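Beneath this line is the structure, given in structure tokens, with notes to follow.
The values are calculated or read from the model by the stated rules, or taken from the named source; none is laboratory data. None of the values given here were measured: they were computed from a predicted structure. Cβ atoms come from the backbone with ideal geometry, glycine included; neighbour counts cover every protein chain shown.
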Amino acid sequence: MKSFKILTIIGARPQIIKAAALSRAIKNKFADKIKEVIVHTGQHYDENMSQVFFDELDIPHPNYNLSVGSGSHGKQTASMIEGIEEILLKEKPNAIVLYGDTNSTLAGAIAASKILIPVVHIEAGLRSFNKSMPEEINRIMCDHVSTLLFSPTKAGYDNLLKEGFKENNKAPYSFDNPKIYHCGDVMFDNSLYFSAIAEEKTSILETHNLQKDKFILATIHRNNNTDEPLRLNALFNSINKIANENKINFVIPLHPRTAKLLPQNLSSELYTSIKTSKFIKIIEPVSFLEMIALEKNANLIMTDSGGVQKEAFFFKKPCIIFRSETEWIELVNCGSAIITDADETKIVDAYNHFSKTDNLQFPSLFGEGAAAEFICDQILKYIH
């Protein structure tokens, strides 16, 4: 008899993927104990893409879709708080499960905490220490109303201790007496699970004539990189220079919106050079399984995505980070990633460093691939 109910909030593609790990653990190990109700806020939502996405990864379809769409932070978050609160009052779950640091995360945390429903935050404790990033505000505020906080890394766990969370709190737990964990990363669970499937179900390498360890994967999606001409020119100047001088192939899955910005934000000379380069392939967005196949087979990864930074580490690939900071600072500390921001000299220097280094270390930072099962077990144990 499933007497225990959790309400899972997802709103963006990475959260759908993270939630897949927990849904899979429930299906395989806790099917008789936990009922999961999934709410898609519609923060990022495309009907056709999402259908393929849920089918490809065998993810349970949402029970609710709030369809809030895009908008200002205030308008979007307010709409989600209202919709989530209505569903919480209707479903009366034992707990709400939130992932990461989006506006959907913040909305779920506010809605649940106001009506005293325990908040479970997965990816707790992550900090970039840059409060100009909306994500930093979201993750801090969610952590401080959570009952159970699951950090994927020791650094995240230590951040919580520095903010006043206590290591030895005793049950019963609440947002006034929370429990913190260093539990491993659900995305590592997923990468292990889906990597074998990706080999069988994708032909992305053949489609684009890519050879294992003979290309660089680059992703650029953050607004401060795509919408600011100086930064975008610096990034593509670096890519163009590295590709042509080293005769190495780049593959760049690019969102259509970003692709449209290239001709207006890049200099005409650089745009022409990128478009005509025999070493640079700008391709349509890829599926999650295709992305895993590209990551597993790349020689090096360049990105401004937090998720791709981690996946590079999972597959033991050096990573150049097109941001001024990272919430995954342990990747930098162990030497497998270098922060360059949109600085052409730093990017080229980082590429040269990795091209001459063959003894990179990839210590076990993210658990053993069973974080989702541990999280389910702890939720059942400590939330009533």
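A quick yes/no check of all residues on (1) crowded, with 19+ Cβ neighbours inside 10 Å; (2) in contact with a Phe, Trp or Tyr (Cβ under 6 Å, 6 or more places away or on another chain); (3) at pLDDT 95 or above; (4) farther than 30 Å from residue 189 by Cβ:
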{"residue": "281", "(1), (2), (3), (4)": "no, no, yes, yes"}
{"residue": "284", "(1), (2), (3), (4)": "no, no, no, no"}
{"residue": "291", "(1), (2), (3), (4)": "yes, no, no, no"}
{"residue": "299", "(1), (2), (3), (4)": "no, no, yes, no"}
{"residue": "302", "(1), (2), (3), (4)": "yes, no, yes, no"}
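When the residues of region 67-102 are filtered to those that are in contact with a strand residue (DSSP E or B) (Cβ under 7 Å, 6 or more places away or on another chain) and of a type in the set (A, V, I, L, M, F, W, C), which remaining residue is surrounded by the most Cβ atoms within 10 Å (Cβ to Cβ)?
Step one: list which residues in region 67-102 are in contact with a strand residue (DSSP E or B) (Cβ under 7 Å, 6 or more places away or on another chain), which gives 84, 87-88, 91, 93-99.
Cutting the leftovers down to of a type in the set (A, V, I, L, M, F, W, C) gives us 84, 87-88, 95-98.
Details: 84: 24, 87: 19, 88: 20, 95: 22, 96: 27, 97: 28, 98: 31.
Out of the qualifying residues, it is 98.
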Restricting to region 160-191, what's the tally of residues that are within 21 Å of residue 373 (Cβ to Cβ) and touching a residue at least 40 places away in the same chain (Cβ under 8 Å)? 14
If residue 63 satisfies all but one of (1) under 15 Å from residue 16 (Cα atoms); (2) within 20 Å of the chain's Cα centre (by Cα); (3) of a type outside the set (A, V, I, L, M, F, W, C), what's the number of the condition it fails? (2)
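Can residue 59 be described as over 30 Å from residue 341 (Cα atoms) and at pLDDT 95 or above?
Working: over 30 Å from residue 341 (Cα atoms): yes; at pLDDT 95 or above: no.
No; evaluated as a whole, the condition is false for this residue.
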Do we have any residue at all in region 363-378 that's farther than 29 Å from residue 16 by Cα and of a type in the set (D, E, K, R)? no
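Applying the selection to region 29-53, what residues are in a helix (DSSP H, G or I), modelled with pLDDT under 95 and out of contact with any Lys or Arg (no Cβ under 9 Å at 6 or more places or on another chain)?
Taking region 29-53 as the starting set, the residues that turn out to be in a helix (DSSP H, G or I) are 29, 47-53.
So of that shortlist, the ones also modelled with pLDDT under 95 come out as 47-53.
If the condition is that a residue be in a helix (DSSP H, G or I), modelled with pLDDT under 95 and out of contact with any Lys or Arg (no Cβ under 9 Å at 6 or more places or on another chain), then 47, 48, 51, 52 are the ones that fit.
From the list 223, 209, which residue is more than 28 Å from residue 246 (Cα to Cα) and assigned by TED's automatic domain parsing to the domain that holds residue 284?
On the way: 209 fails: more than 28 Å from residue 246 (Cα to Cα).
Residue meeting the stated conditions: 223.
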Tally up the residues in region 6-23 that are under 14 Å from residue 109 (Cβ atoms) and surrounded by fewer than 24 Cβ atoms within 10 Å (Cβ to Cβ), please. 0
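Yes/no matrix, rows are residues, columns are (1) touching a residue at least 40 places away in the same chain (Cβ under 8 Å); (2) outside any helix (DSSP H, G or I); (3) at positive phi; (4) touching a His at 6+ places or on another chain (Cβ under 6 Å):
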{"residue": "323", "(1), (2), (3), (4)": "yes, yes, no, no"}
{"residue": "327", "(1), (2), (3), (4)": "yes, yes, no, no"}
{"residue": "330", "(1), (2), (3), (4)": "yes, no, no, no"}
{"residue": "342", "(1), (2), (3), (4)": "yes, yes, no, no"}
{"residue": "345", "(1), (2), (3), (4)": "no, no, no, no"}
{"residue": "353", "(1), (2), (3), (4)": "no, no, no, no"}
{"residue": "360", "(1), (2), (3), (4)": "yes, yes, no, no"}
{"residue": "364", "(1), (2), (3), (4)": "no, yes, no, no"}
{"residue": "380", "(1), (2), (3), (4)": "yes, no, no, no"}
Would you be able to say whether some residue in region 367-374 is surrounded by fewer than 18 Cβ atoms within 10 Å (Cβ to Cβ), acidic (Asp, Glu), in a helix (DSSP H, G or I) and in the same structural domain as residue 28 (by TED's automatic domain parsing)? no
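Being among the hydrophobic types (A, V, I, L, M, F, W, C), farther than 30 Å from residue 206 by Cα and either crowded, with 24+ Cβ neighbours inside 10 Å or in the same structural domain as residue 263 (by TED's automatic domain parsing) (or both): is that true of residue 320 here?
Numbers: among the hydrophobic types (A, V, I, L, M, F, W, C): yes; farther than 30 Å from residue 206 by Cα: no; either crowded, with 24+ Cβ neighbours inside 10 Å or in the same structural domain as residue 263 (by TED's automatic domain parsing) (or both): yes.
Against the criterion (among the hydrophobic types (A, V, I, L, M, F, W, C), farther than 30 Å from residue 206 by Cα and either crowded, with 24+ Cβ neighbours inside 10 Å or in the same structural domain as residue 263 (by TED's automatic domain parsing) (or both)), residue 320 does not qualify.
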Failed condition for residue 158, given (1) assigned to a helix (DSSP H, G or I); (2) among the acidic types (Asp, Glu); (3) not assigned by TED's automatic domain parsing to the domain that holds residue 376: (3)
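Table: residues versus (1) among the aromatic types (Phe, Trp, Tyr); (2) touching a residue at least 24 places away in the same chain (Cβ under 8 Å).
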{"site": "203", "(1), (2)": "no, no"}
{"site": "210", "(1), (2)": "no, yes"}
{"site": "236", "(1), (2)": "yes, yes"}
{"site": "253", "(1), (2)": "no, yes"}
{"site": "258", "(1), (2)": "no, yes"}
{"site": "309", "(1), (2)": "no, yes"}
Which one of 128, 146, 132 is assigned to a loop (DSSP other than H, G, I, E, B), modelled with pLDDT of 95 or more, on the phi < 0 side of the Ramachandran plot and under 23 Å from the mean Cα position of the chain (by Cα)? 146
Residues satisfying the stated conditions in region 324-336, i.e. of a type in the set (D, E, K, R) and either within 15 Å of the chain's Cα centre (by Cα) or over 22 Å from residue 234 (Cβ atoms) (or both): 327, 330
